[in-house]
Amino acid sequence: MADFHEFYPLRRHNTFGFDARARFAVHVRSEADLSAALADPRAEGLPLVVLGGGSNVVLTGDLDALVLLMEIPGYQVEATSEGGDAWLVTVGAGENWNVLVNRTIADGMPGLENLALIPGTAGAAPIQNIGAYGVELRERFAGVRAYDRQAGAFVWLDLQDCDFGYRDSLFKRAGAGRYIITAVTLRLPKGWQPVLSYGELARELDGQASPDAAAIRDAVVAIRSRKLPDPAQLGNAGSFFKNPLVSATQRNALLQAHPDLVSYAQPDGSYKLAAGWLIDRCGFKGVSDGPVGVYGKQALVLVHHGGGTGAMLLALANRIADTVQARYGVRIEPEPVVL
Ligand code: EPU
């Protein structure tokens, strides 16, 4: 029998630190735990919520649901069969992402250094295709093992199946609610090349002729620590909004009106706008609305000072999005999953 906790407090299971209770919660430490929880009569008819580190969710109230707290451990390395040009690192869904980044670097397998210090678990990383400083998970990815609730079986989903996009994947669209990821397999090419395309990272490493993965990791950690609040100190979920994609025509019109607009050309000819810049220019940086607010060093990050609710945060987020839309004609969309 799975160990069901009734009316389980979730404050320590979401990095915003919102108070909410789960009708039932189960610590899932193995695939057997998962199967037992799903087969338990108490789970019948209840919606299912899967939580990793809770670093990309907004809890808006108590969850009349069975919450699976994914804590499956594991770390295994093998070389790819096709010529052994990469290491395949398979990790349990519950492993801490940053611990994994550090461990692969220490074990002589570079490739994840640009993704250092991203909060959350390995199992949550594919959901939004985590990315930072010029690298996205999909560039270091082989596949996931997941329980397919529709098929009633464990399945393997490869890079194509996961259908990754910018902060997006199958798991946020057609596969939402269908798959429960239990393990992730990363693909770390042995022919490692540093990725220094992100201007701020290159500047941080200035003076280093050929930085190794550990040096890049250290630089990423330094930048993130300066700009992003530590969830252990201040409730947050990293970037709250995605950087919006607009057509070249719209971007050029905006640039004419606002010559200091920050935008990035995309391979398909469209442009990504810096949502942090848009929000900043609307005057929201550092603004508080009671217990919730906008971080003072990065306008893309919403914060919870304590004693607030997810609903308050969403109200502030809507006000920000409406203001940006009225001023720039662009709708910015939240990145976290709202529960
Ligand atoms: N900017 C402002 N004011 C602000 C914030 C940003 O003017 O308050 C400007 C900056 O000056 C810069 C531009 O906006 O020119 C972009 O800012 P930054 O380099 O900080 O990156 P970002 O677009 O805000 C994205 C990711 C981060 C990731 C960094 C580095 C998204 C939604 N966010 O932020 O990801 O760490 O790039 O790659 O794509 C996350 O997803 O939680 C996250 C932190």
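Read-outs throughout are calculated quantities, based only on the coordinates presented, and are distinct from any laboratory measurement. Source: prediction; values computed, not measured. Every residue, glycine among them, receives a Cβ derived from its backbone with ideal geometry; neighbour counts consider all protein chains shown.
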Give the range of the longest stretch in the chain that excludes all trypsin sites (Lys or Arg not before Pro) found in loop regions by DSSP and having at most 16 other beta-carbon atoms within 10 Å. 30-148
At R0 = 25 Å, how high is the FRET efficiency between SER35 and ASP161 if r is their beta carbon distance? Nearest 0.05 is fine. 0.70
³J(HN,Hα), Karplus 6.51/-1.76/1.60, whole Hz, each residue of the stretch 3-20, x for Gly, Pro: 8, 8, 9, 8, 6, 7, x, 9, 4, 7, 10, 9, 6, 6, x, 7, 7, 7
Just the number, please: Stokes-Einstein D of the chain in µm²/s, Kirkwood Rh from C-alpha pairs, 25 °C, 0.890 mPa s. 116 µm²/s
In deg cm²/dmol, rounded to the nearest 500, the helical mean residue ellipticity at 222 nm of the chain, built from -39500 (n - 2.57) for every DSSP H run of length 4 or more, is -7000 deg cm²/dmol
Give the longest segment of the chain that steers clear of GluC sites (Glu not before Pro) in DSSP loops with at most 12 neighbouring Cβ atoms within 10 Å, not counting the sites themselves. 83-339
Reciprocal mean inverse distance between Cα atoms of the stretch 5-70 - Kirkwood radius, Å: 11.9 Å
Could you put TYR166, TYR133 in order, starting from the residue whose Cβ has the fewest other Cβ atoms within 10 Å? TYR166, TYR133
Between the stretch 107-173 and the stretch 223-297, the Cα center-to-center distance that results, in Å: 24 Å
Using a 7 Å offset from the Cα along the Cα-to-Cβ direction at both ARG11 and ALA311, what is the distance between the two label points in nm, to one decimal? 1.9 nm
Residue by residue through the stretch 264-277, what is 3J(HN,Hα) from phi via Karplus (6.51 cos²θ - 1.76 cosθ + 1.60, θ = phi - 60°)? Round to whole Hz and write x for glycine and proline. 10, 5, 9, x, 8, x, 7, 10, 9, 9, 6, 4, x, 5
Please state the relative contact order of the chain as a whole percent: Cα pairs under 8 Å, 6+ residues apart? 16 percent
Under a plain spin-label model, where a point goes 7 Å from the Cα along Cα-to-Cβ, how far apart in nm are VAL99 and ARG327? 4.2 nm
Extending each Cα 7 Å along its Cβ direction at SER210 and VAL338, get the distance between those two points in nm, one decimal. 5.0 nm
Tell me, LEU59, LEU254 in order of fewest to most beta-carbon neighbours within 10 Å? LEU254, LEU59
Amide H contacts under 5 Å for PHE141, placed H, 5+ residues apart: ARG187
How do VAL330, VAL89 line up, fewest other C-beta atoms within 10 Å first? VAL330, VAL89
Computed ³J(HN,Hα) along the stretch 29-40: with the Karplus parameters 6.51/-1.76/1.60, θ = phi - 60°, integer Hz and x for glycine or proline, the list is 10, 7, 5, 5, 4, 5, 4, 5, 5, 5, 8, 5
